[in-house]
Amino acid sequence: IAGITQAPTSQILAAGRRMTLRCTQDMRHNAMYWYRQDLGLGLRLIHYSNTAGTTGKGEVPDGYSVSRANTDDFPLTLASAVPSQTSVYFCASSEGTRMNEQFFGPGTRLTVL
Amino acid sequence: AQSVTQLDSQVPVFEEAPVELRCNYSSSVSVYLFWYVQYPNQGLQLLLKYLSGSTLVKGINGFEAEFNKSQTSFHLRKPSVHISDTAEYFCAVSHGSSNTGKLIFGQGTTLQVKP
């Protein structure tokens, strides 16, 4: 069982370019999440989805969009990348209730120049 | 609003010594609490969680944590650390009163185990 896969592993991107980070889970979890991790700030929630077909904004949603067309996939799109979006991005999934732990992917390291 | 504070950004410790990583939270509703570990260049994985019942929770790799409601704390402990415990540790609290799976994370504590 792969759990959660993310692609690409790393990417260098020119400012102004569009980029989609991919995330797929095979655990049939209802909920999925996107975080960014920055030194000294921990993990901050960008967007989330409680179930297929629904999405919500997290703590730092500006400049990012998501979609949840099915249970397994939860892509994160940067419409026009800026250097402040340089970060490590983690996708996670869970059963979706307050008691359930989240399972994390290996991360995507994104550098915007 | 809920928040999580990890009181130490870095904790250096010698191998086989005991360690405590501190976590305090604030919340106006009942909470569920989690500790995650992140090894270098990897995603996070669950160490342990507190949902209810006994306030002393045991997790993987010999770690344990104690929930203290009066002090709003959930400190992580290990009686004897190994070099392989060197990692980033995150405390997290369940979000709000609605039944969603969102978590609020602390800033992280880097545990550096020295030989």
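The values are calculated or read from the model by the stated rules, or taken from the named source; none is laboratory data. All values reported here derive from a predicted model rather than from experimental measurement. Because the Cβ atoms are built from the backbone with ideal geometry, glycine has one as well, and the counts that use them run over all protein chains shown. For the accessible areas, the whole protein counts, side chains as well, though only heavy atoms, and no ligand, DNA or RNA atoms are used. Shrake-Rupley method; radii C 1.70, N 1.55, O 1.52, S 1.80 Å.
Points to keep in mind about this one:
- Candidates are the residues of segment B:49-81 that are in contact with a Gly (Cβ under 9 Å, 6 or more places away or on another chain) and more than 12 Å from chain A (Cβ to nearest Cβ); the one that is nearest to residue A:107 (Cα to Cα) is B:76.
Yes/no matrix, rows are residues, columns are (1) open to solvent by 40 Å² or more (accessible area, probe 1.4 Å); (2) assigned to a strand (DSSP E or B); (3) under 27 Å from residue B:15 (Cα atoms):
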| residue | (1), (2), (3) |
| --- | --- |
| B:70 | yes, no, no |
| B:74 | no, yes, yes |
| B:88 | yes, yes, yes |
| B:92 | no, yes, yes |
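- Strands (runs of 3 or more DSSP E) contained entirely in segment A:18-113, each with at least 3 residues that are modelled with pLDDT of 95 or more and polar (S, T, N, Q): A:19-25
- The one condition in (1) within 14 Å of another protein chain (Cβ to nearest Cβ); (2) in contact (Cβ under 8 Å) with a residue 12 or more places away in the chain that residue A:57 fails to fulfil: (2)
- Answer residue from segment A:14-53, given it is of a type in the set (S, T, N, Q) and over 15 Å from residue B:101 (Cβ atoms) and is least open to solvent (accessible area, probe 1.4 Å) among those: A:37
- Taken together, A:111, A:77 contain a single residue that is touching a residue at least 12 places away in the same chain (Cβ under 8 Å), more than 14 Å from chain B (Cβ to nearest Cβ) and open to solvent by less than 30 Å² (accessible area, probe 1.4 Å), which is A:77.
- For segment B:94-115, taking the residues that are within 14 Å of chain A (Cβ to nearest Cβ) and assigned to a strand (DSSP E or B), the one that is farthest from residue A:47 (Cα to Cα) is identified as B:110.
- Residue tally, condition farther than 23 Å from residue A:5 by Cβ, more than 9 Å from the chain's Cα centre (by Cα) and either modelled with pLDDT of 90 or more or not polar (S, T, N, Q) (or both), over segment B:31-54: 5
- Strands (runs of 3 or more DSSP E) enclosed by segment B:1-48 - at least 3 residues per element that are exposed (fewer than 14 other Cβ atoms within 10 Å of the Cβ) and more than 10 Å from chain A (Cβ to nearest Cβ): B:10-14
- Enumeration of residues in segment A:55-69 that are among the polar types (S, T, N, Q) and open to solvent by 60 Å² or more (accessible area, probe 1.4 Å): A:55
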